[in-house]
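Heads up, the thing below is written out as structure tokens.
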Amino acid sequence: MRARVVVIGAGIMGLATAFNLARRGITDVLVVDQSYLCGGASGRNGGGVRAQFSSEENIRLMQESIEICREFAAEMRINVWFRQGGYLFLTRSAERAKALEESAALQQRCGLNTRLLEGREASRIVHELDVTGIVRASFNPDDGVVFPWPFVWGFARGARDLGVQVATFHAVEGFVTANNRITGVKLRPTRTGEVARGESVLPAGEAFTVECDEVVLCAGAWSPGIAAMVGVSLPNKPHRHEICSTEPLKPWLQPLVADLSDGLYFSQSMRGEIVGGVSLEAVPEGIDQRSSAEFLARYSASLVRAVPRLASVKVLRQWAGCYDLTPDGGPLVGRVSEPENLVLACGFMGHGFMMAPVMGRLLAEHIATQETSELFARWSLDRFRTGKLVRETMIIG
Amino acid sequence: MSEKVMACRCEDVTLDEIERAIAEGSDDLESLKRYTGFGTGWCQGRQCVTVCARILAQRTGQPPAIPITPRPPAQPTHLGALAALAKREG
């Protein structure tokens, strides 16, 4: 079989790209994934969507992504539980406070409604917060949270309705190349006894090759392993991050709270649960989606320090997913030089979900027009050769 | 009288919704869990996983899947008790 574009990874980045390609008239697209929808980071993240970043490109992209989130439910006919309760960032040192002030000033210049608060003023936004030790805080009321799963399904359904094929349970096994181009992607079904699935045209059971003109790599933490199959060495590394969720409470917490001192973040879902995570220092790199007791203890300690009255609330469940980390904190986007028809969209530092709505548009535009942008040049793989690295400091979780 | 049959009481998922989700393509247990939300509520699947796995096996003709990934903790646990386990490193 053949497809004009093969998108590797049916997470939100791949599906958003496929959907936007189809909307531009490029419907001959196959999205493949080794697992089920929401099986990777797109189904395992905290659903945060924010424009409070420290670099201008991230701020401006996220302004656009938030706009897309606002329209998403109506346009895609699916409830993604988008709630703009804001993001409240906390700092506990003079050094971090200074960085927060600089970021807030930049955000304001970009048109965000970010405002800076003294540490003790943070409790005006969240009354239950213990402000002891908080030096400075920043609050942007337009940041928010979504429920990640329906966001993924929305893009998948939208893409399928426009003619895109989404093949879950198909792993990339290798590539066929010729003249510095990928001419085919070798796929292998990952579950046996394939159940008839809609109008799938994929052969059942055995490995096969899909001929193609372009390949887009959106496999998140799995991207370096897949790129290596075609001789491309990527600098991003998978890194396990964990999350947990409590019993549902009445709605009381408006914003997502993020503490830059220890990477704690927590928000209240529309189902009432407190969902959040925290940074752990010593997590070995590698794909790992197992839960740890260490995380639960560290997260609970950090959360109870921030909001003491949560001590009496019970944890129901915890899970893990993989961040996709690059050495300089910026993603890997755009073409590589060899093979020339491989487009990257990975290394999103745990921000891939929130950036996908806008990145899907930009990637589709690039593939449709073949035009490169300044942003794609800045975020290219080539920067690790030329040394023109990027910088983003507002990274949590 | 309503014919509504509950498959997952905590998350309010009916048998009908499970059947429809399978028919629409959520035909593996993990996808079905995510699409319908069964097993993610207060009981964490103790009451509903076997029922849903059985319906899935019947509808797809496939052998019952291995259970969905169990999520710790084994029982609801206070944040305060868990916080006490952390080594306070400042």
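Read-outs throughout are calculated quantities, based only on the coordinates presented, and are distinct from any laboratory measurement. This is a predicted model, so every value here is computed, not measured. When we count neighbours, we look across all protein chains shown, and the Cβ atoms used for this are built from the backbone with ideal geometry, even at glycine.
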- Once you treat every alpha carbon in the range A:263-317 as an equal point and sum by Debye, what is log10 I(q)/I(0) at q = 0.14, 0.15, 0.18, 0.23 Å⁻¹? -0.41, -0.47, -0.66, -1.00
- Task: Rank A:A104, A:H366, A:V146 by how far each Cα sits towards the positive end of the charge dipole of chain A (+1 on Lys, Arg Cβ; -1 on Asp, Glu Cβ) and give me just the farthest.
- Result: A:V146
- Message: Given R₀ = 35 Å, what would the calculated FRET efficiency be for A:E338 paired with A:D28, taking r from the Cβ atoms and rounding to 0.05?
- Response: 0.90
- Task: Please report how far the C-alpha centroid of the range A:20-95 lies from that of the range A:260-332, rounded to the nearest whole angstrom.
- Result: 19
- For chain A the mean separation of alpha carbon contacts under 8 Å (6+ apart) over residue count, i.e. relative contact order in percent, is 23
- Sorted from largest down, what three extents in whole angstroms do the Cα atoms of the range A:9-112 have along their principal axes? 52, 27, 23
- Task: Return the calculated 222 nm mean residue ellipticity for chain A, to the nearest 500 deg cm²/dmol, obtained by summing -39500 (n - 2.57) across DSSP H runs with n ≥ 4 and dividing by the residue count.
- Result: -9000 deg cm²/dmol
- Summed side-chain charge close to A:A97 - residues other than A:A97 whose Cβ falls under 11 Å, Lys, Arg +1, Asp, Glu -1: 0
- Note on the structure: Per DSSP loop assignment and a cutoff of at most 13 other beta carbons within 10 Å, chain B keeps its longest run without exposed trypsin sites (Lys or Arg not before Pro) at B:47-86
- Query: How many Cβ atoms of partner chains, on average, are near each residue of A:303-315 if near means within 10 Å of its Cβ?
  - Reply: 4
- Query: To the nearest 10 degrees, how steeply does helix A:352-369 sit against the main Cα axis of chain A, on a 0 to 90 scale?
  - Reply: 40
- Efficiency of FRET from Cβ geometry, A:D213 and B:E3, R₀ 51 Å, rounded to 0.05: 0.50
- Between the modelled labels at A:K388 and B:R54 (7 Å from Cα along Cα→Cβ) the distance in nm is 6.4
- Compactness relative to 2.2 N^0.38 Å, alpha carbon Rg of the range A:263-397: 1.31
- Task: Within chain B, list the GluC sites (Glu not before Pro) lying in a DSSP loop whose Cβ has at most 14 other Cβ atoms in a 10 Å radius.
- Result: B:E3, B:E24, B:E89
- Message: Restricting to Cα pairs below 8 Å that are 6+ residues apart, what does the relative contact order work out to for chain B? Please round to a whole percent.
- Response: 22
- For the pair A:R109 and A:D130, how long in nm is the line joining their label points, each one 7 Å along Cα→Cβ? 3.8
- Message: Less than 16 Å apart at the alpha-carbon level, and either on another chain or at least 8 residues along: which aspartates and glutamates does that give for B:K4?
- Response: B:D12, B:D16, B:E17, B:E19
- Note on the structure: Here, A:E281 and A:R70, labelled 7 Å along Cα→Cβ, have an inter-label distance in nm of 4.2
- Query: Of all the Cα-Cα pairs you can form in chain A, what percent are over 37 Å apart?
  - Reply: 20
- So which GluC sites (Glu not before Pro) in the range A:284-349 are both in a DSSP loop and have at most 14 other Cβ atoms within 10 Å of their Cβ? A:E340
- Against the longest alpha carbon principal axis of chain A, how many degrees, from 0 to 90 and to the nearest 10, is the axis of helix A:12-23 turned? 60
- Task: Using θ = phi - 60° and the Karplus relation 6.51 cos²θ - 1.76 cosθ + 1.60, list the HN-Hα couplings for the range A:26-38 in order, rounded to whole Hz, with x at every Gly or Pro.
- Result: 8, 9, 7, 10, 10, 9, 10, 8, 5, 10, 8, 4, 6
- Query: How fast does the range A:344-397 diffuse by Stokes-Einstein, in µm²/s, taking the Kirkwood radius from C-alpha pairs at 10 °C and 1.306 mPa s?
  - Reply: 127
- Message: Going by amide H atoms built from the backbone, whose H comes under 5 Å of the H on A:I182, apart from near neighbours?
- Response: A:E340, A:N341
- Query: Which angle from 0 to 90°, rounded to the nearest 10, does the C-alpha axis of helix A:94-109 make with the longest principal axis of chain A?
  - Reply: 60
- Query: lysines near A:K314 by alpha-carbon distance under 23 Å, same-chain residues fewer than 8 away left out - which ones?
  - Reply: A:K250, B:K33, B:K87
- Gain in span if fully extended, A:S233 to A:E374, counting 0.36 nm per residue against the direct Cα distance: 48.5 nm
